[in-house]
1. Examine the stretch 217-224 for a residue that is in a strand (DSSP E or B), away from ligand 1 (no atom under 15 Å from the Cβ) and more than 25 Å from F272 (Cβ to Cβ), and state whether such a residue exists.
2. Can you name the residue in the stretch 294-303 that is under 8 Å from the mean Cα position of the chain (by Cα) and open to solvent by less than 10 Å² (accessible area, probe 1.4 Å) and is also farthest from ligand 1 (Cβ to nearest atom) among such residues?
3. Regarding I322, is this residue hydrophobic (A, V, I, L, M, F, W, C), over 26 Å from A418 (Cβ atoms) and under 29 Å from the mean Cα position of the chain (by Cα)?
4. Looking at this structure, is R281 in contact with an Asp or Glu (Cβ under 8 Å, 6 or more places away or on another chain), open to solvent by 70 Å² or more (accessible area, probe 1.4 Å), more than 29 Å from A146 (Cα to Cα) and in the same structural domain as A200 (by TED's automatic domain parsing)?
5. Report, by residue number, each residue of the stretch 99-149 that is modelled with pLDDT of 95 or more and within 11 Å of ligand 1 (Cβ to nearest atom).
6. In the stretch 72-88, what residues are more than 16 Å from ligand 2 (Cβ to nearest atom) and over 13 Å from A108 (Cα atoms)?
7. Under 7 Å between Cβ atoms, which residue pairs at least 6 apart in sequence (or on different chains) link something in the stretch 38-49 that is in the same structural domain as N93 (by TED's automatic domain parsing) and at pLDDT 95 or above with a partner that is open to solvent by less than 30 Å² (accessible area, probe 1.4 Å) and assigned to a strand (DSSP E or B)?
8. Taking N62 as the residue in question, decide whether it is within 16 Å of ligand 2 (Cβ to nearest atom) and surrounded by fewer than 18 Cβ atoms within 10 Å (Cβ to Cβ).
Amino acid sequence: MRQSTLFTKTRKEAPKDEVVRNAILLIRAGYIYKEMAGVYTYLPLGLRVLRNIERIIREEMNVAGAQELLLTSLQSPSVWEKTDRWSDAVIDNWFKTTLADGTEIGIASTHEEPLTNLLTHYAHSHRDFPLYIYQIQTKFRNELRAKSGIMRGREFVMKDLYSFCRTEDEHAAFYARMKEAYTNVFRRSGIGEQTYFTYASGGSFSHASDEFQTVTDAGEDTIYVDPDTRFSVNEEMLGDEKILEKFHVTKDRLIPKKSVEVGNIFPLGTKFSEAFGLTYRDEAGEEKPVIMGSYGIGLGRLMGTITEVCSDDQGLVWPKEIAPFRAHLVRLGDQLDVAKCADQLYSELTQGGIEVLYDDRASVSAGEKLADADLLGMPTRIVVSEKTLRAGVGEFRDRKSGEVLMVPYAEIAKRLAA
Ligand code: ATP
Ligand code: MG
């Protein structure tokens with residue numbers, strides 16, 4: 001991508017009402033645009049990041065044996081009345097609308113009910129299970145406070161997976177597999193070290209759930225962490241003597257940290273399957289309720305969290321698998337020979353399948369180009385200038401470590417591909 005034709009430009013300032021780093025940096029760098037509180041448009045650079053996150057999640061879910069579908073965002077009240085969750089008193093952040101003929105419609109905030117209902121039309125026998133079904137889809141929630149940038153949207157993309165098993169053992173095995181899949185997702189997203197598997201209370205569904213919490217000052221939650229063993233509980237579980245005993249930790253060892261829930265996994269038991277009559281006949285012909293679990297990750301929340309963890313005073317510092325481009329080729333100076341050399345390097349790299357953002361802008365100062373490269377945050381910056389041209393090298397700089405290296409032209413592609 002030639003930066004001279006890139007749709008968005010960097011900005012000196014973010015909107016005054018943005019208080020969190022992820023929104024400020026992503027708006028300034030031209031990755032997202034704020035429509036209104038909690039509602040953000042993904043611009044071309046931001047969409048590339050979101051797609052990378054989506055690709056990682058999809059790969060890990062498929063490896064775990066799950067199948068993808070796409071449920072509707074418009075939902076029928078009759079389905080939600082089965083579990084008594086249509087009421088605003090039960091789900092306080094429902095967006096709803098009414099059709100011209102008076103029919104009420106729900107705008108999706110989650111999908112336990114519609115998916116369980118759907119399955120009753122297709123799965124009845126023990127041979128039809130287990131099923132692991134997910135989607136990557138937009139959710140709408142009328143969040144009271146939407147002050148955390150893309151970490152808490154009123155409209156946001158979520159990966160939600162639901163498991164349907166025949167026995168507790170089958171459920172437990174898949175639950176463990178999902179825990180591993182989530183660990184992989186957050187490691188590949190560059191926040192593995194800061195992300196803790198956290199024992200949590202399960203809200204309305206179950207007595208206990210597990211959250212993946214990433215330590216950052218921008219977080220709205222607090223977790224209690226044992227730094228040696230990486231054991232972690234949330235606020236509600238801190239008073240649970242049983243769980244502390246089970247993991248041989250004492251309260252005084254646990255250190256409070258501000259954190260954000262990047263993902264969670266819930267055992268749902270038979271709450272939903274019983275409400276919808278989702279049962280199966282076992283080998284002996286006996287009818288049994290299906291055991292369910294749910295597993296969510298907010299893609300925007302993950303992107304915002306990566307931004308919070310992977311950034312510095314100069315701007316974004318994207319992990320390799322997340323970055324919109326592998327490298328940022330920056331041409332300093334408009335001299336003919338420099339431009340020719342940079343152009344040639346750009347086409348060589350792109351032809352070699354390496355995704356490069358090429359700052360080919362004319363009449364932009366070196367200082368401005370380098371500041372923009374820092375703000376945009378590609379993992380490697382390659383400078384081509386009169387000086388490097390004479391030496392027959394490109395100046396490599398690692399965005400994260402700041403390490404600088406002179407690489408001969410012939411070796412640039414090979415080094416980036418490695
Ligand atoms: P929170 O307590 O932070 O509101 P939640 O318990 O409502 O989260 P779930 O309903 O379980 O979250 O949703 C699954 C995942 O979706 C969460 O782990 C989080 O990553 C993401 N998520 C939830 N709400 C939002 C939101 N408003 N914006 C972006 N992502 C969200
Ligand atoms: Mg919530």
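The values are calculated or read from the model by the stated rules, or taken from the named source; none is laboratory data. All figures in this text were calculated on a predicted structure; none of them were measured in a lab. As a convention, Cβ positions derive from the backbone with ideal geometry for all residues, glycine included, and neighbour counts pool all protein chains shown. In case anyone asks, the SASA skips ligands and DNA or RNA and just uses the protein heavy atoms, side chains included. Shrake-Rupley method; radii C 1.70, N 1.55, O 1.52, S 1.80 Å.
1. Initially, the stretch 217-224 is screened for residues in a strand (DSSP E or B), giving 221-224.
Cutting the leftovers down to away from ligand 1 (no atom under 15 Å from the Cβ) gives us 224.
Of the ones still in play, those that are also more than 25 Å from F272 (Cβ to Cβ) are 224.
Scanning the stretch 217-224 turns up at least one residue that is in a strand (DSSP E or B), away from ligand 1 (no atom under 15 Å from the Cβ) and more than 25 Å from F272 (Cβ to Cβ).
2. First, the residues of the stretch 294-303 that are under 8 Å from the mean Cα position of the chain (by Cα): 297-303.
Remaining after also requiring open to solvent by less than 10 Å² (accessible area, probe 1.4 Å): 297, 299-300, 302-303.
Numbers: I297: 5, L299: 8, G300: 5, L302: 7, M303: 10 Å.
Ranking the qualifying residues of the stretch 294-303, first place goes to M303.
3. On the way: hydrophobic (A, V, I, L, M, F, W, C): yes; over 26 Å from A418 (Cβ atoms): no; under 29 Å from the mean Cα position of the chain (by Cα): yes.
The answer is no for I322.
4. Values: in contact with an Asp or Glu (Cβ under 8 Å, 6 or more places away or on another chain): yes; open to solvent by 70 Å² or more (accessible area, probe 1.4 Å): yes; more than 29 Å from A146 (Cα to Cα): yes; in the same structural domain as A200 (by TED's automatic domain parsing): yes.
Considered against the rule, which asks whether it is in contact with an Asp or Glu (Cβ under 8 Å, 6 or more places away or on another chain), open to solvent by 70 Å² or more (accessible area, probe 1.4 Å), more than 29 Å from A146 (Cα to Cα) and in the same structural domain as A200 (by TED's automatic domain parsing), R281 comes out as yes.
5. Within the stretch 99-149, S109, T110, H111, E112, T138, K139, F140, R141, N142, E143, S148, G149 qualify.
6. Start the filter on the stretch 72-88 by keeping residues that are more than 16 Å from ligand 2 (Cβ to nearest atom), which leaves 72-84, 86-87.
Those that are more than 16 Å from ligand 2 (Cβ to nearest atom) and over 13 Å from A108 (Cα atoms): S78, E81, K82, T83, D84, S87.
7. Y40/I32; T41/I32; Y42/I32; L43/I32; G46/I32
8. Details: within 16 Å of ligand 2 (Cβ to nearest atom): no; surrounded by fewer than 18 Cβ atoms within 10 Å (Cβ to Cβ): yes.
Against the criterion (within 16 Å of ligand 2 (Cβ to nearest atom) and surrounded by fewer than 18 Cβ atoms within 10 Å (Cβ to Cβ)), N62 does not qualify.
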